[in-house]
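Participant: This is the structure I want to talk about, given as structure tokens.
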Number of protein chains: 2
Amino acid sequence: MPYVAPLKDMLFVLNELADLQAIATLPGCEEATSDTVEAVLEENARFCSEVVAPLNREGDRHPSTWQDGQVHTTPGFKQAFKSYAEAGWQGVQHPSQFGGQGLPKLVATPCMEMLNAANLSFALCPLLTDGAIEALMTAGSDAQKAQFLPQFIAGNWTGTMNLTEPQAGSDLALVRTKAVPQGDGTYRISGTKIFITYGEHDMAENIVHLVLARTPDAPEGVKGISLFLVPKYLVNEDGSVGERNDVTCVSIEHKLGIKASPTAVLQFGDKGGAIGTLVGEENRGLETMFVMMNAARFAVGIQGIGLAERAYQKAVRYAKERVQSRDLEGSSTALTIIHQPDVRRMLMSMKAQIEAARALAYVAAAYVDIAHHHADATVREKHQALYEYLVPIIKGWSTEMAIDVASTGVQIHGGMGFIEETGAAQYYRDARILTIYEGTTAIQANDLVGRKTVRDKGVVVRALIAEVRRMQTMLNAQEALQPIAVQLGSAAAALEQVVDYVVANVQDHIKIVFAGSVPYLKLAGIVFGGWQLARAALRAQAMLASGADDADFLQAKIWTARYFAEHQLSQASGIASAIVQGGASVMALDEAQF
Amino acid sequence: MPYVAPLKDMLFVLNELADLQAIATLPGCEEATSDTVEAVLEENARFCSEVVAPLNREGDRHPSTWQDGQVHTTPGFKQAFKSYAEAGWQGVQHPSQFGGQGLPKLVATPCMEMLNAANLSFALCPLLTDGAIEALMTAGSDAQKAQFLPQFIAGNWTGTMNLTEPQAGSDLALVRTKAVPQGDGTYRISGTKIFITYGEHDMAENIVHLVLARTPDAPEGVKGISLFLVPKYLVNEDGSVGERNDVTCVSIEHKLGIKASPTAVLQFGDKGGAIGTLVGEENRGLETMFVMMNAARFAVGIQGIGLAERAYQKAVRYAKERVQSRDLEGSSTALTIIHQPDVRRMLMSMKAQIEAARALAYVAAAYVDIAHHHADATVREKHQALYEYLVPIIKGWSTEMAIDVASTGVQIHGGMGFIEETGAAQYYRDARILTIYEGTTAIQANDLVGRKTVRDKGVVVRALIAEVRRMQTMLNAQEALQPIAVQLGSAAAALEQVVDYVVANVQDHIKIVFAGSVPYLKLAGIVFGGWQLARAALRAQAMLASGADDADFLQAKIWTARYFAEHQLSQASGIASAIVQGGASVMALDEAQF
């Protein structure tokens, strides 16, 4: 099953919704001209489709294997990663000072989507390295930056995030791994880390672990966690790879999906302690980790979009090929199943949700670029806040969407969908991790309620809702778009009601409010995703009115927005009702009553 | 992971909602006394938990294998099936005249649920045999009945349904398998059938295929399909097993789930034609097949409920054991995750949906018993119609629910849920077939719209809605139950709106109406499932008021109904809006726009 990058859709979002032209005027983003961006995306599309996508089934059939502490990745992965590195793809969004291309996140984001659509398991390795780069950029010393960033960006070395321990998953306060200072600026790290993605593999010369651990006199809880950089091979003064560090891969997991991606159990310090250096300050590791995690959470949202797009493409192809059943209005012979109304409904549901999630994520990427590059500090701050509000939604909502879309993809294939050879089932299995790692949907929703809504008493979210209301008014002025405006308006009202409720009740009824946190996240995803599709419809309408080419494409944007409005935005008031009225029944039973 | 049959919940539904006592007064159902039923269920629970449930993981790890036309089932299955047969479980609901126990379907239904909860793959073999028994009871000749029914019921032989061919899945008009009469009352059958569950295995002495095929002069389409009985081994006049028939298992499928259940490709007639006998009349095979399919569809709905219950039990156990994170209201140490509001929400969602689906299915089973055994023909007819209306809902809604619940079960396990050793992932994989086989959810929804709603212009569904309205009034009289009454009322109104819309528009806008068929099925499931939980709450309230023991259990019934009302019934008007307003946007795009 080939992957065809949806470049036209991506460019529509970039140009019409995320205002690439404006981003390219920001200081440091001048290279992102329309021509360059198109060329980069086309080349990335070619690479992902030709080199990476064909390895996706291979990875599922021949997962990474473990033997005596070594991991052999799926045949072909090593070579593909070498090509990826040589072509400079690891560096797209990273500073040219360390060898990157220094392109805006808005441009890197479709590249990420394509890589993930092509091969989720493969894409995880660069994704984790991006996180490590982000962490060092934020809190690394100059020496650490100089030693590691060029190697990461060149794709010679890869990065990992070591958070989880058997007793410490969502709750990092429970982390026990120890870091003992040696008096020479280094620490000796010992402990067990689990679920470490690409914690061991054969695709790079060195693997650099970013490890959460506690120093001997650290306070309890999350305020006593520090972040350490612990390479698999120590690095010599000249920057070359030196001795093996005291970290070993004890095993890898046998998983439901993303089987090619090795998920390692790492043992640090069996021979006296792995040597690591501190990143940032002692006891402030979680802050840095959160920088890295926000980037990683955004990236996992993009994984959801990429995977959903791939599942959608496969379903569309099958629906156009599979001949079965007559037309409901009467036909003498059997037709392809795309003529069946329920197959249409499923395809529209997939298409509309993917386009909504993509538009929202890309617009958020543009906010990051503004937050990093805009000349005006107020504008920077405002966009940083908007981005941070949207991250848990992009992560949580897009990944829940991906599971739904992958499952719908199986359904469209009927019995064939359940047969592994068909390939639709792999997406259903692969997708299932996305709502779990980098913080479950509940963790995203806690973040959305706690840090992102309650802390500022809803200021940022109300600013976003005001934009939605503005769009509603503009749509209302166009007769053809009024059905969208109506749904957008009542959905915005539902979200307003929920925000008011959350802010008003969190103090006195914290559990009741948090019982509605995931539905709130879902509601916010629907409203802001629907907002983006409404913007797309308005833009398409204007382009049609001014006689733009490609009426089919633009008309489809309008109908897709309308489908989303009538089938997704229409669910908003029901969700709000469940949140506002339904908290008590969530919490009512005693443990023994389950 | 053990399975503990939810006998208390089952008996509550049997006694308080499905009126077992009344069923036991029907002619031919007298043996279903309260004591007998309890004893049967307890013994079935013991058998399923001790003998069948432990083989569930085994089946996933060691699927059935194929070699040279023979299938070896998972080690342990053959012995377990022997025990199942010897204990008489295959005959629970079948006539004593042929060796069965002749118990009501209302009693057989919880037995089916337990077997499926214990082991979906294993339970499929008896499920298919039940279907074959049903077909022969309906249309078999006396000779066929005498020769096959006692062997089926004793568990010596098993049955299969042979419908699907590579080009004929949902659309049976495309069936090509041929049946040529030999002039001696037999036919020679040739063709290829795929997706044949337990089409070949080593658990029984003989396998009896019920095969759809066309005679040489049959009309085209579904009106030219006949049903044949084609045993793997021909049966001698004395009833003993004779020569091998001309049917071979060419391969079995490599599937996403239910791996222990062999899904066979069967080749009929490579050596001149398999010998079969006609069941019923020529060209009327589909009618008989539909009898069998209605029973099988109901049974697949029960599979969904059983699987969901198993996934729920596993999630509850994990949530009570896994220590992680502090209490939101403050706690000095980490607590089990069942204290987290979102884990509660997920568990309540699972529990409420399972209980709603179970209650609806058991009540429908009681309708079947009334339809078969009541002295008054009018009462029989009425209940047959109610049952037939509910079958596509029980199949479609309960199985969609099962996928959702199994996925939620994975989510509650966090990262561990994605590791195959944990076992939660198996339910997620196994569940995925349930919305596909025995007719996809879309096929159920077509049936619901076409045969079950449009044909009688909504008479039956309106009769059911009238019952819902009556219940709403009764709940309204109890202050504590008013929140449920409110939601039940608006959900009933939403369903009324949809029924009116479907009946009024199907003629002129058939595709637009069918674009809403699956949402209509979902809405009907929510309304009628919510109705049953509302009945449960009213009954529990009355029992509490009269000082019944076990207040915890009864209070939980009330809260569960309320949760369902506030979180599921509350979604009804949004779904109705999507159906009534959203049809055009489903159908708007051209094929090329996807």
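Participant: Looking only at the stretch A:217-240, decide whether some residue is within 26 Å of B:L328 (Cβ to Cβ) and touching a Lys or Arg at 6+ places or on another chain (Cβ under 7 Å).
Facilitator: Within the stretch A:217-240 (the criterion being within 26 Å of B:L328 (Cβ to Cβ) and touching a Lys or Arg at 6+ places or on another chain (Cβ under 7 Å)), the answer is yes, since at least one residue qualifies.
Participant: Kindly establish whether B:A117 is surrounded by fewer than 24 Cβ atoms within 10 Å (Cβ to Cβ), modelled with pLDDT of 95 or more and aliphatic (A, V, I, L, M).
Facilitator: Criteria not met by B:A117.
Participant: When you check A:R345 against the structure, is it in a helix (DSSP H, G or I) and more than 17 Å from B:T440 (Cβ to Cβ), yes or no?
Facilitator: Here the answer is no, as A:R345 does not meet what is asked.
Participant: What's the number of the condition B:F290 fails, among (1) under 19 Å from the mean Cα position of the chain (by Cα); (2) farther than 30 Å from B:M401 by Cβ?
Facilitator: (2)
Participant: Hey, could you check the stretch A:404-427 for residues that are buried (at least 24 other Cβ atoms within 10 Å of the Cβ) and under 17 Å from the mean Cα position of the chain (by Cα) and say which is nearest to A:E58 (Cα to Cα)?
Facilitator: A:Y427
Participant: Only residues that are of a type in the set (G, A, S) and under 25 Å from B:A540 (Cβ atoms): list them for the stretch B:1-38, please. Even if it seems obvious, please write down each step before you answer.
Facilitator: Initially, the stretch B:1-38 is screened for residues of a type in the set (G, A, S), giving B:5, B:18, B:22, B:24, B:28, B:32, B:34.
Matches in the stretch B:1-38: B:A5, B:A18, B:A22, B:A24, B:A32, B:S34.
Participant: Now for a different question. Considering only residues that are buried (at least 24 other Cβ atoms within 10 Å of the Cβ) and closer than 13 Å to A:E467 by Cβ, look in the stretch A:531-540 and name the one that is nearest to the chain's Cα centre (by Cα).
Facilitator: A:Q532
Participant: Also: Cβ-Cβ distance below 9 Å, separation of 6 or more or different chains: which pairs start in the stretch B:554-578 with a residue that is within 13 Å of B:V527 (Cβ to Cβ) and end on one that is of a type in the set (S, T, Y) and buried (at least 24 other Cβ atoms within 10 Å of the Cβ)?
Facilitator: B:F564/A:S585; B:A565/A:S585; B:S573/A:S570; B:I575/A:S570; B:I575/B:Y520; B:A576/B:Y520
Participant: Among the residues of the stretch A:226-252, write down those that are of a type in the set (D, E, K, R) and surrounded by fewer than 22 Cβ atoms within 10 Å (Cβ to Cβ). Give the derivation first.
Facilitator: Start the filter on the stretch A:226-252 by keeping residues that are of a type in the set (D, E, K, R), which leaves A:232, A:237-238, A:243-244, A:246.
Those that are of a type in the set (D, E, K, R) and surrounded by fewer than 22 Cβ atoms within 10 Å (Cβ to Cβ): A:E237, A:D238, A:E243, A:R244, A:D246.
Participant: If you go through the stretch A:6-56, how many residues are of a type outside the set (F, W, Y) and under 20 Å from A:L360 (Cβ atoms)? Please lay out each step first, then the result.
Facilitator: Within the stretch A:6-56, the subset of a type outside the set (F, W, Y) is A:6-11, A:13-46, A:48-56.
From what's left, under 20 Å from A:L360 (Cβ atoms): A:6-11, A:13-23, A:37, A:41.
Selection size over the stretch A:6-56: 19.
Participant: Could you grab the pairs with beta carbons closer than 8 Å, sequence gap of 6+ or different chains, first residue in the stretch A:361-373 and under 17 Å from A:H94 (Cβ atoms) and without any contact (Cβ under 8 Å) to a residue 60 or more places away in the chain, second one surrounded by fewer than 24 Cβ atoms within 10 Å (Cβ to Cβ) and of a type in the set (S, T, N, Q)?
Facilitator: That search, which allows pairs on different chains as well, returns A:A371/A:Q384.
Participant: Same structure, new question: Which one of these does B:G417 not meet: (1) within 12 Å of another protein chain (Cβ to nearest Cβ); (2) in contact (Cβ under 8 Å) with a residue 24 or more places away in the chain?
Facilitator: Just one mismatch for B:G417, condition (2).
Participant: Suppose the filter is in the same structural domain as B:N44 (by TED's automatic domain parsing), surrounded by fewer than 21 Cβ atoms within 10 Å (Cβ to Cβ) and modelled with pLDDT of 95 or more; does B:K105 pass it?
Facilitator: On the way: in the same structural domain as B:N44 (by TED's automatic domain parsing): yes; surrounded by fewer than 21 Cβ atoms within 10 Å (Cβ to Cβ): no; modelled with pLDDT of 95 or more: yes.
Against the criterion (in the same structural domain as B:N44 (by TED's automatic domain parsing), surrounded by fewer than 21 Cβ atoms within 10 Å (Cβ to Cβ) and modelled with pLDDT of 95 or more), B:K105 does not qualify.
Participant: Could you list, in sequence order, all residues of the stretch B:547-579 that are surrounded by 24 or more Cβ atoms within 10 Å (Cβ to Cβ), of a type in the set (F, W, Y) and within 7 Å of chain A (Cβ to nearest Cβ)?
Facilitator: B:Y563, the sole residue that qualifies.
To keep it simple, each residue is scored yes or no on (1) among the β-branched types (V, I, T); (2) buried (at least 22 other Cβ atoms within 10 Å of the Cβ); (3) more than 26 Å from B:F298 (Cα to Cα); (4) assigned by TED's automatic domain parsing to the domain that holds B:D130.
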| site | (1), (2), (3), (4) |
| --- | --- |
| B:Y437 | no, yes, no, no |
| B:G450 | no, no, no, no |
| B:R455 | no, no, no, no |
| B:G458 | no, no, no, no |
| B:A463 | no, no, no, no |
| B:A466 | no, no, no, no |
| B:M474 | no, no, yes, no |
| B:Q478 | no, no, yes, no |
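Participant: Look through the stretch A:462-500, keep the residues that are of a type in the set (D, E, K, R) and in contact (Cβ under 8 Å) with a residue 12 or more places away in the chain, and return whichever of them is farthest from A:L448 (Cα to Cα).
Facilitator: Taking the candidates together, the pick is A:R469.
Participant: Suppose we filter the stretch B:343-369 for residues that are charged (D, E, K, R) and within 9 Å of another protein chain (Cβ to nearest Cβ); how many remain?
Facilitator: Filtering the stretch B:343-369 for residues charged (D, E, K, R) gives B:344-345, B:351, B:355, B:358, B:369.
The next check asks that each one be within 9 Å of another protein chain (Cβ to nearest Cβ); those that pass are B:344-345, B:351.
Looking only at that region, the number is 3.
Participant: Confirm whether B:F528 is within 11 Å of another protein chain (Cβ to nearest Cβ), assigned to a helix (DSSP H, G or I) and either crowded, with 24+ Cβ neighbours inside 10 Å or touching a residue at least 24 places away in the same chain (Cβ under 8 Å) (or both).
Facilitator: It is false that B:F528 is within 11 Å of another protein chain (Cβ to nearest Cβ), assigned to a helix (DSSP H, G or I) and either crowded, with 24+ Cβ neighbours inside 10 Å or touching a residue at least 24 places away in the same chain (Cβ under 8 Å) (or both).
Participant: Can you confirm whether the stretch B:385-403 contains a residue that is within 14 Å of another protein chain (Cβ to nearest Cβ) and more than 13 Å from the chain's Cα centre (by Cα)?
Facilitator: yes
Participant: Identify all residues within the stretch B:87-118 that are of a type in the set (G, A, S) and not in a loop (DSSP other than H, G, I, E, B); write none if there are none.
Facilitator: B:G91, B:S96, B:A108, B:A117, B:A118
Participant: Scan the stretch B:495-518 for residues that are at the interface with another protein chain (Cβ under 10 Å from one of its Cβ atoms) and in a helix (DSSP H, G or I) and report the count.
Facilitator: 7
Participant: A follow-up question, please. Tell me whether the stretch B:188-196 contains one or more residues that are outside the structural domain of B:L127 (by TED's automatic domain parsing) and farther than 30 Å from A:D327 by Cα.
Facilitator: There is at least one residue in the stretch B:188-196 that is outside the structural domain of B:L127 (by TED's automatic domain parsing) and farther than 30 Å from A:D327 by Cα.
Participant: Now for a separate question. Is one or more of the residues making up the stretch A:235-244 in contact (Cβ under 8 Å) with a residue 24 or more places away in the chain, among the hydrophobic types (A, V, I, L, M, F, W, C) and under 30 Å from B:G417 (Cβ atoms)?
Facilitator: The answer is no, given that none of the residues of the stretch A:235-244 is in contact (Cβ under 8 Å) with a residue 24 or more places away in the chain, among the hydrophobic types (A, V, I, L, M, F, W, C) and under 30 Å from B:G417 (Cβ atoms).
The values are calculated or read from the model by the stated rules, or taken from the named source; none is laboratory data. These numbers come from a predicted model, not from an experiment. Here Cβ is always computed from backbone atoms with ideal geometry, including for glycine, and neighbour counts include all displayed protein chains.
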